Amino acid sequence: MSASSASIINSSIFILTGFPGLDQYYPWFSIPFSFVYAMVFLGNCLVLHVIRTEPSLHQPMFYFLAMLALTDLCMGLSTVHTVLGVLWGLNQEVSQDACIAQTYFIHGLSFIESGVLLAMAFDRFTAICNPLRYTSILTNSRVIHFMVTILIRAALSILPVIIRLKFFHYCRPHILSHSFCLHQDLLRLACSDIRFNSFYALALVICALLLDAVLILISYILILHTVLAIASQEERLKSLQTCVSHICAVLVFYIPIIGLTMVHRFGKHLSPSVHVLMGNIYILFPPLMNPIIYSVKTQQIRGRMKKWFSLKM
């Protein structure tokens, strides 16, 4: 083993990876990535600003949307320094503690987003299937309880595996597969007993992300059953149109997760660049697309933004 390899193994520094073999193109890659991050910050801040300043949007549906936008904004903030740091050639090194902290935020924010999407599905279910009791069911205090529960579930559920990462012995070269830190990537470098982390992480995905997805699907089956019972076709379309934005947000969130999982599990033979690309899509695609989806598909936000920009002009 060379002295440089030994130093990488024994240090508490991890090396982030961009697109392997494409280092000479990093200046070009940094342009679209910088643009995407700028759009993530601008789009989500704009959604939050519109919801905060428009009294007609102070209702449960938009409270959940504000939480979704804040979660996407935090996802961008938690990864921008490492992703652009690698592409700009500023720094490819990250300390063990910083890497574990980033892992906590990335996975925690993913669980928060899943919980928010489930809460938004419940909001749509209540609005369509039980409209007369909507205001009595989704009171402000109950919305706050939902939000706090989502935060606590995400913050506490992943702590056991994150804490254990600190005490693992990383005997393999500290070279990560992405330009940010993920739990499964750190496990790959550990020579300690990782069985608890592997089984707990799998159980957590099944009990949280998969369960959320199943409950969202059930809610839409019930919504569809209710909508089909409406006699007027115009009323059917009107009811379904209120769900389009949320359905798009669900697809935007779950498709990249499924794609990244499939690549990690069954794509060992694929180019490392494919793994990196899927990882970046998982991190950036939902925060980029959600503000666009809700700005285009939600009439109240679209109208408020048009009015706001017309005044600025």
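Normalised by residue number, the volume inside the convex hull of the Cα atoms of region 228-313 is 124 Å³ per residue.
Only one residue of Thr226, Leu277, Cys191 has its Cα farthest out toward the positive end of the dipole of the chain, where Lys and Arg carry +1 and Asp and Glu -1 on Cβ, and that residue is Thr226. Using only alpha-carbon positions in region 2-103, the gyration tensor eigenvalues give semi-axes of 37, 17, 8 Å once each is multiplied by 5 and square-rooted (largest first). Isolated cysteines in the chain, defined as those with no second cysteine Cβ under 4.7 Å, comprise Cys45, Cys74, Cys129, Cys207, Cys243, Cys248.
Of the residues Thr126, Thr71, Thr82, the one that moves most in a GNM of the chain with alpha-carbon contacts below 10 Å is Thr126. Solvent-accessible surface of the chain, taken per residue with a 1.4 Å probe and all protein chains present: 51 Å². For the chain, adding -39500 (n - 2.57) for each run of n ≥ 4 DSSP H residues and dividing by the number of residues yields -26000 deg cm²/dmol at 222 nm. Straight-line reach from Lys268: taking Cα to Cα under 19 Å and skipping same-chain neighbours fewer than 8 places apart, the aspartates and glutamates in range are Asp185. Rounded to whole Å, give me the distance from the Cα center of region 144-174 to that of region 17-49. Centre-to-centre (Cα) distance: 26 Å.
Computed with a 1.4 Å probe over protein heavy atoms only, the accessible area of Glu235 comes to about 80 Å².
For the chain, a simple Cβ point-charge model (Lys and Arg +1, Asp and Glu -1, everything else neutral) yields a dipole of about 540 debye relative to the Cα centre. Below 8 Å, C-alpha to C-alpha, sequence gap of six or more: please give me the relative contact order for region 176-313 in percent. Relative contact order for region 176-313 comes out at 25 percent. Figure note: Cys207, Cys99 ranked by solvent-accessible area, largest first, 1.4 Å probe, ligands and nucleic acids not counted: Cys207, Cys99. Scoring 41-54, 188-201 by mean Cβ neighbours within 10 Å over their residues and listing the highest first yields 41-54, 188-201. Helices in the chain that qualify as membrane-span-like (whole DSSP H runs, Cα extent of at least 27 Å along the helix axis, mean Kyte-Doolittle hydropathy of 1.0 or higher) are 26-53, 60-87. Ser136 exposes around 70 Å² of accessible area when a 1.4 Å probe is run over every protein chain in place. Bridging of Lys306 to aspartates and glutamates at a Cα separation below 17 Å is possible for Glu54, once same-chain residues fewer than 8 apart are set aside. Ordering His178, Ala208, Ile163 by Cα displacement along the dipole of region 107-212 toward the positive end leaves Ile163 in first place; charges were set at the Cβ atoms of Lys, Arg (+1) and Asp, Glu (-1).
Around Ala127, with a cut-off of 13 angstrom between Cβ atoms, what is the net charge of the other residues, counting Lys and Arg +1 and Asp and Glu -1? Here the charged neighbours net out to +2. By accessible area, using a 1.4 Å probe on protein heavy atoms only, the chain has 71% of its surface on carbon and sulfur.
The values are calculated or read from the model by the stated rules, or taken from the named source; none is laboratory data. This structure is a prediction, so every number in the text was calculated from the model and none was measured. Ideal geometry is used to build each Cβ from the backbone, glycine not excepted, and the neighbour counts take in all protein chains shown. Keep in mind that these areas ignore ligands, DNA and RNA; they rest on the heavy atoms of the full protein, side chains included. Shrake-Rupley method; radii C 1.70, N 1.55, O 1.52, S 1.80 Å.
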